[in-house]
1. Filter the range 296-324 for residues that are in a loop (DSSP other than H, G, I, E, B) and of a type in the set (Ser, Thr, Tyr) and give the result.
2. Would you mind finding the one in Gly224, Gly181 that is at pLDDT below 95, surrounded by 22 or more Cβ atoms within 10 Å (Cβ to Cβ) and more than 21 Å from Met31 (Cβ to Cβ)?
3. Which of the numbered conditions does Met471 fail, given that it passes all the others? Conditions: (1) buried (at least 22 other Cβ atoms within 10 Å of the Cβ); (2) closer than 30 Å to Val424 by Cβ; (3) at pLDDT 95 or above.
4. Identify, from the list Phe609, Phe555, Phe566, the residue that is without any contact (Cβ under 8 Å) to a residue 40 or more places away in the chain and either in a helix (DSSP H, G or I) or out of contact with any Ser or Thr (no Cβ under 6 Å at 6 or more places or on another chain) (or both).
5. Going through the range 20-73 one residue at a time, which ones are among the acidic types (Asp, Glu), open to solvent by 20 Å² or more (accessible area, probe 1.4 Å) and touching a residue at least 12 places away in the same chain (Cβ under 8 Å)?
6. Being among the polar types (S, T, N, Q), touching a helix residue (DSSP H, G or I) at 6+ places or on another chain (Cβ under 9 Å) and closer than 30 Å to Leu326 by Cα is true for just one of Gln586, Gln610. Which residue is that?
7. Give the residues of the range 185-201 that are outside any loop (DSSP other than H, G, I, E, B) and open to solvent by less than 40 Å² (accessible area, probe 1.4 Å), sorted by residue number.
8. Would you point out the residue of the range 307-340, among those that are within 20 Å of the chain's Cα centre (by Cα) and exposed (fewer than 12 other Cβ atoms within 10 Å of the Cβ), that is nearest to Ser366 (Cα to Cα)?
Amino acid sequence: MKHGFVKVAAASPMIRVADADYNAQQVIASMKEADEKGVKVLVFPELVLTGCTCYDLYTQRTLLNGAEKALAQVIKASEGMDVLTFVGLPFLYETRLYSCAAALYDGELLGMVPRTHVKGTHFVPADDQVRDVVVDGTYGALMMTDLLFVNKNVPDMKIAVELGADRDAIVPPSVRHAVSGATVIAQLASFPMTVSSRDEAEASVKYQSERTLSGVICASPNKGESTTDQVFSGLCLVAENGVILANEEKENALAVTELDVNYLANMRIKDGSFDGSDDHCPITFGGEEVVTELTRYFSKNPHLPALAKDIPSYCERMIDIQVSGLVKRMEYAGLDHCVVGISGGVDSTLTVMICAQAVKRMGLPSTNVVACTIPCFGTTSRTKSNAIIVAEQMGAEVRVIDIGNAVNVHFDDIGHPRDDYNIVFENAQARERTQVLMDIANEVNGLDVGTEDLSEFIDGWCTYNGDHTSMYDINMDLTKTQVRAAVKHIAQNTEDKVLADALWDVLDCPVTPELLPVTNDTIEQKSEENVGSYSLQDFFTHKMLISGFTPSKTFRLAQIAYGDEFEDLELVKWLKSYCRRLFSQQFKRSCLMDGPNVEAFSVSPRIGFQMPSDGMDTLYLKELEELEKELDA
């Protein structure tokens, strides 16, 4: 189970009401199918061995004895299976009748978890008592509510059980020790089908998995149940931290996917509020460690919604956050102009459009946006033209300020040869541009609005005290992929054809800082040739900084998401570059300016991901070098 991935499934076989022997065979058939698929945790519905619609039959000894013998058959059939299975049944302990989840593994009964909230049923509620129970005179185990099942080979996988209405019980996690301590919740459900049941169940499972930072495996009864009063659908769901990973709703449903328990544990470490006590009773299980084959989908753009239909509203919300932040800052400072350095790239293009919306919201004329194109040695007519077109279509005041002479004078002042295209040659231009923008902002009672994005701050692809600096940066918490998505959204929805054409060309241009001389008016300095694909970098950021994954696990997921674009050694190369720059460029992030937190992740030195400016990348690179050797072998 390398990297914390565990293949899990929710199963809902077609059963016969009160026919425990038949139902046992259906359960066993589902277990065999799950085992063949490599499933390690399997969850069945509540009362699956009898059906959840037996009503007064639950008080009949014939049915109860049959259910107990059926469970013994299922336990026996599990021999040799490396699958932790949860099976629901009615269970009689002395004169107390419980709805239980039986946990079984490799021919053993590991434990029984009774349902707590039983209002409107024939069952008694579970209490705090710990009971020794024996099934069919053969299999003994503990019966208690706070059992926690722990895989000895995957310490981050801790599984708790919920039955029926226990899922909806309003009990704080600090009280429900097993659920609070679990990274995976096995939900043995018993809800019927209604016109809204699927939507309601999905919403509930998503909410619970997000609230508890857990994986939830939910199985509900199938169509074999009684239809005297209700109909059942066999809905099976698997969710992880608010995201549905798998769902099926059909006869003999089996929803299979992989839960990332390492990711869930990482999220709990960040949260810091989950129960780490030993008040629950841990039950260990597990065979030999295996590498789980991944079948789940990993998006190339994890910073954007998974569904295309959700992107427009997502972009509108991003834009509104940027506009709102900018308006508040200008009003507070008593400023009435925005000053933007426009280059024809996606970042400055989005910025000038946000500024146009901000002054409009403030009731100011569009000319209060001062858009400055500041050409120098590396500027091409294509980028300059696009920048001016976008600014003019926004109604901004456009200023063209060529800084070539000023930079050459500066070179002479510091004794730098004009034809030495080193780092001084590049950075002098970026710092001169920043000085021009800030001075103009002072002149017009304005704010120098920054254009650098989160991706560039993470890889440090900016000039310290040059484009790194502004008076307020509205892009600082947007990745390059998010910026591109916002520009694309505007291009798709504007009625201004001139603007749309310019925006599409901006999106088609390579990312460039335009700091080295050009030949034949062609873009030659391309950022992604130095730091790698920004889409790939944003993927690394999501997996390493947000999800807390190791470099080798990040590489594995990049293989799945980007295998059609990059060879394995290319991925390692860019991942090594990313790790080096993540550490070496932190000093730039330690003094970033203000800007609105758009995504729930930031590198702001005040509220975001913080790290020392002199940390070492040794462990990260060592892991990648070992991986590189494996790939070369």
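1. Within the range 296-324, Tyr297, Ser299 meet the criteria.
2. Gly181
3. Condition not satisfied by Met471: (1).
4. Just a single option satisfies the conditions, and that option is Phe566.
5. Asp21, Glu33, Asp35, Asp56, Glu68
6. Selected residue: Gln610, the only one of Gln586, Gln610 that is among the polar types (S, T, N, Q), touching a helix residue (DSSP H, G or I) at 6+ places or on another chain (Cβ under 9 Å) and closer than 30 Å to Leu326 by Cα.
7. Within the range 185-201, Ile185, Ala186, Gln187, Leu188, Ser197, Ala201 qualify.
8. Across the range 307-340, the extreme among qualifying residues is Arg317.
The values are calculated or read from the model by the stated rules, or taken from the named source; none is laboratory data. Given the structure is predicted, the values throughout are model-derived calculations rather than measurements. Every residue, glycine as well, gets a Cβ built from its backbone with ideal geometry; the counts of neighbours run over all protein chains shown. Heavy atoms of the whole protein, side chains included, go into the accessibility calculation; ligands, DNA and RNA do not. Shrake-Rupley method; radii C 1.70, N 1.55, O 1.52, S 1.80 Å.
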